[in-house]
Amino acid sequence: GASLDMPCRVAASLLLAALASVVALIELPLVRTRGQCTHAARRHAEPLAKLSRKAAKRAAAAADKHSPPLEDVTDASVDAPEGVAAVPPDGVSAAQETAQEIAHCGEAIFPLSGADWLSRRIAAVADDKGSAFHSVLAAASMAVGEDDGEWDAFISANRDFFDYRFLYKLTAQVLRAGNTGRTDDEERLRAVRYQIVKRTQEYDYQMYLELSQAEGRLGQVLGQYAQGTRPKAAAIVMAAGTTSRQIFSFWLVVASAIAAWETKLRVESVRDMAAARIADLAEILDVLQERKSMMEQGGVSPLIAIARLPSMWEPEADFAQARAVLQSVAADDAEQTLLIRRIGCIHNQLQRHAFQAYQPMVLKWSSLHDVLVLGAPVALSAEEINAPPSKDDDYISTLMQMAADAEKVLDDDFERPLYFRSAS
């Protein structure tokens, strides 16, 4: 599992402060996406106050509302591999769903703002720690002062680069600038961070809802297994949905559930149960992936071969093989870049959901994105913030004071579970 083992007070304070800062920033209200190259028509749900545990409960309630019990499927229903049998949610007509699906720029899952997205793409360059932080920050800093449309276009073209690790390092720079009296730098960095957090949250909102609703639909299918009934293929296809995002989200939730249960195989007390759940989920995944037209519609097809690769953190991982698989499913540089972006968007979206359910997939897809962009997976490393001594100076931030107080009672080998691997 991923853990951060930092005995020093400064490193621990930074970690807790960074986590708290990101959570606080994510409480920004969501507004509607302004991108012009997303969907021809879009339904706007009510704004989500924050992507927190409370928000997850609300999203789960929404999923229950939008996921009515699966109807009994007759033999006349579509059981053939190429068939798609599904009912649009909430009484939305098929024509309306089709209108919502018309996506520009060939990307219906993680929309782009325009056909010129490649011109806005960051040229990521690895720094001395192997990450692209400095090149990404430099590009984001240049966007400060731009209007909403320019910011939205910049974020949509580069959504894959702005993950937890980036915000962690950016928060460290904000704190270091403040602690060393560089107020102008602190103000500038805070402005960059505000825009990134605000606009990535806006960008992620629709897929956040889609994944939450897909979890509810998968739960209904798994409920049939729990009752001793093997669901028909058509029932699984129906649960997958009709729109590109519904299909993609359902596939991703199933694949993530398999990865999460696989980590339980190492625990003897739950090994048999984990194996049974994996078998059920693998059957569902097979039903989905046999239907090539549905996988094409959901934007899943090029990801199937990539998903079979191990995490790039595993000893047997072959970085060259990862690049070869990418080239086998994407014909040219533009298609490869688009697919790399989608891989990064996947792990950024999964970070917003339940840790235990999605951490294995976050670790896998983020390491794959690192390898394809930078050549090797990137660990999360502690950052110096030049924090004032806690015994002598009072903290302005209550969160920083709590972090300092907590450090006094934590053992040096206390394990802090994270989505990402830490530098040893």
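General observations
- Sole residue being among the polar types (S, T, N, Q) and more than 23 Å from the chain's Cα centre (by Cα), chosen from T180, T200, T243: T180
- Search result, residues across region 108-120 that are surrounded by fewer than 16 Cβ atoms within 10 Å (Cβ to Cβ) and part of a loop (DSSP other than H, G, I, E, B): A115, D116
- Verdict on I343 being buried (at least 17 other Cβ atoms within 10 Å of the Cβ) and either at pLDDT below 95 or part of a helix (DSSP H, G or I) (or both): yes
- Members of region 297-334 that are in a loop (DSSP other than H, G, I, E, B) and surrounded by fewer than 16 Cβ atoms within 10 Å (Cβ to Cβ): R308, P310, E314, P315, E316, D318, A331, D332
Table: residues versus (1) in contact (Cβ under 8 Å) with a residue 12 or more places away in the chain; (2) in contact with an Asp or Glu (Cβ under 7 Å, 6 or more places away or on another chain); (3) under 21 Å from D286 (Cα atoms); (4) of a type in the set (V, I, T).
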site	(1), (2), (3), (4)
L175	yes, no, no, no
Y194	yes, no, no, no
M207	yes, no, no, no
S212	yes, no, no, no
R217	yes, no, yes, no
G228	no, no, yes, no
A240	yes, no, yes, no
F250	yes, no, yes, no
W261	yes, no, yes, no
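The values are calculated or read from the model by the stated rules, or taken from the named source; none is laboratory data. Values in this document were obtained by computation on a predicted structure and should not be read as measured data. Cβ sites come from the backbone with ideal geometry, for glycine too, and all protein chains shown count toward neighbours.
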